[in-house]
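Peer 1: Sharing a structure with you now.
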């Protein structure tokens, strides 16, 4: 064990934490995960802003078809523009920053951490071999001023899979302390995962879920705010795995059933690199899982992981913001939206009548394009 | 003849202490239900006041009648526990000993720290002595 640990130790930066895992698992008897080929390329580095921005070069080789750029800066970070190898601008922040349709949260300076998956839809040009340039901006919180001399650390994962018609999404489900001992909960989760598989099957996607235990507290942090415990937990996930943490409550309450860290989320460990879910709200007032509760929990899993893979709600509850999919209607009232989008998996609320709900398992073609282009869909 | 039987049947039950549950929600209850339904978060309890002038009663109606999606009743109960616990203490206490309200009992156990000491002790004692004692032992620190 000493030898394998020493062999892994020199591997640097964030990659070391993720790639050391197979060695550790060998030593602890989990050989079935050793030698797992994630099908992802990996580079990392740091850039310093000049004139408020820094260029990141993403070298794409055939047959890489998507990349996931994760940044962590001294200041808030947002994507400014993306250029293809010919120098053509294929994405510019001004097209999306104030638009009523949402394509990626990477365009908004929300935090020091930023995640960008590219391409996003089929409408964006496919990747091809060459050097792509992503320009990132460092922005001061509050003033919105661009900052010079600001360091941005980044990782780039590339997807070595040319197919956008089918894919496997690896998920590490982490139970918080004690929840893995609640048989009624784990049984319901297993059944919900089956429901999730059923939902994704027509889209050519298969979730492969590896379940683990942890000593995490059952009251989970709100993943969108970031948390060191999420960072530490996801360090133990494989580099192609989406981390789904399953506990009791979120942020001390049941206001949230599930939360995705960001849209999209990253496969590299950061403070938002997970989806969190609480079982109490999903079980209902009687604290037991009916068949319908389980079905809806499976939809919630698919919904939250859908956010993590880049999907926005087709319409927000304010009915004045929509996703950037041209095949999801831009409806503008509760009645109209429920009528036209009520069966869509990413609709913000279930459509129910106090005691039963319609199945929400549909995705539009463009929504499927987004899921299939997520770098973790291999 | 049928009408007569129905009338007599109604009279026979008129004095029985059964709770009459409304079949359909009121407009306020419907508005609350819509507000508590979203997957990715619900408004805070204070902001729900715009939907009802008798918020605790309407929230409790949802607890008893809205079984889907499952989180609506839980969220409604959470607001009752956090903001109406004094007036609804007996109702909350009843959840602590009702197996068919086990989810609400576990919810309340997790919120005990936010309640006045006297009520906290009363609810804890009820839970630990009742049919949900096994759950209570997990969530309530017994000195």
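Where a number appears in this text, it was derived from the coordinates with a stated rule and is not lab data. Nothing here was measured: the structure is a model prediction, and the numbers come from that model. Here the Cβ positions follow ideal geometry from the backbone for every residue, glycine too, while neighbour counts run over all protein chains shown.
Peer 1: Please compute, for peptide A:346-352, the average count of beta-carbon atoms on other protein chains lying within 10 Å of each residue's beta-carbon.
Peer 2: Counting Cβ atoms of other protein chains within 10 Å of each residue's Cβ and averaging gives 5.
Peer 1: Another question, if that's okay. Quick one: work out Rg over Rh on the C-alpha atoms of the range B:26-139, Rh as Kirkwood radius.
Peer 2: Across the range B:26-139, the Cα-based Rg/Rh ratio is 0.97.
Peer 1: State, to one decimal in nm², a quarter of the convex hull surface area for the C-alpha atoms of the range A:167-373, i.e. the direction-averaged projected area.
Peer 2: Seen from a random direction, the Cα hull of the range A:167-373 projects 10.6 nm² on average.
Peer 1: Determine, for B:96, A:346, the number of other Cβ atoms within 10 Å of each Cβ, and report the residues in order from fewest to most.
Peer 2: A:346, B:96
Peer 1: Roughly what % of DSSP beta bridges within the protein assembly as shown run antiparallel, to the nearest 5?
Peer 2: Percentage antiparallel, nearest 5: 70.
Peer 1: Additional query: For the range A:40-159, take N as its residue count and report Rg(C-alpha) divided by 2.2 N^0.38 Å.
Peer 2: Normalised Rg, Cα atoms only: 1.00.
Peer 1: Another question, then. What is the Cα coordinate range of the protein assembly as shown on the first, second and third principal axes, sorted by size from largest, in whole angstrom?
Peer 2: Ordered largest first, the protein assembly as shown gives principal extents of 87, 55, 45 Å.
Peer 1: Apply the Kirkwood formula to the range A:261-378: the hydrodynamic radius equals the inverse of the mean of 1/r over all pairs of different alpha-carbon atoms; give it in Å with one decimal.
Peer 2: 15.2 Å
Peer 1: Continuing with this model, one more query. Once the Cα atoms of the range A:321-375 are picked out, what are the Rg and Dmax in Å?
Peer 2: Computed over the Cα atoms of the range A:321-375, radius of gyration and Dmax are 12.1, 39 Å.
Peer 1: In whole angstrom, how long is each semi-axis of the equivalent ellipsoid of the range A:75-117, when you take the square root of 5 times every eigenvalue of its Cα gyration tensor and sort them from largest down?
Peer 2: The equivalent ellipsoid of the range A:75-117 has semi-axes of 18, 14, 8 Å.
Peer 1: How large is log10 I(q)/I(0) at q = 0.21 Å⁻¹ when the Debye formula is applied to the Cα atoms of the range A:129-257, each weighted equally and without solvent?
Peer 2: So the normalised log intensities work out to -1.26.
Peer 1: Only helical DSSP H runs with n ≥ 4 go in: add -39500 (n - 2.57) per run for chain A, normalise by residue count and round the 222 nm mean residue ellipticity to 500 deg cm²/dmol.
Peer 2: One gets -6500 deg cm²/dmol as the mean residue ellipticity at 222 nm.
Peer 1: Moving on. Per residue, what volume in Å³ does the convex hull of the Cα atoms of the range A:179-252 enclose?
Peer 2: Per-residue hull volume (Cα only) is 111 Å³.
Peer 1: Now for a separate question. Determine, for each peptide in B:80-90, A:143-153, A:214-224, the mean count of other beta carbons within 10 angstrom over its residues, then list the peptides with the highest first.
Peer 2: A:214-224, B:80-90, A:143-153
Peer 1: Still on this structure, please answer the following. Could you tell me what a quarter of the Cα convex hull surface of the range A:105-185 works out to, in nm² with one decimal place?
Peer 2: 10.1 nm²
Peer 1: Would you mind ranking B:137, B:117 so that the residue whose beta carbon has the fewest other beta carbons within 10 Å leads the list?
Peer 2: The most exposed by this proxy come first: B:117, B:137.
Peer 1: Further question: How large is the Rg to Rh ratio of the range B:86-143 when both quantities use alpha carbon positions and Rh follows Kirkwood?
Peer 2: Rg/Rh: 0.91.
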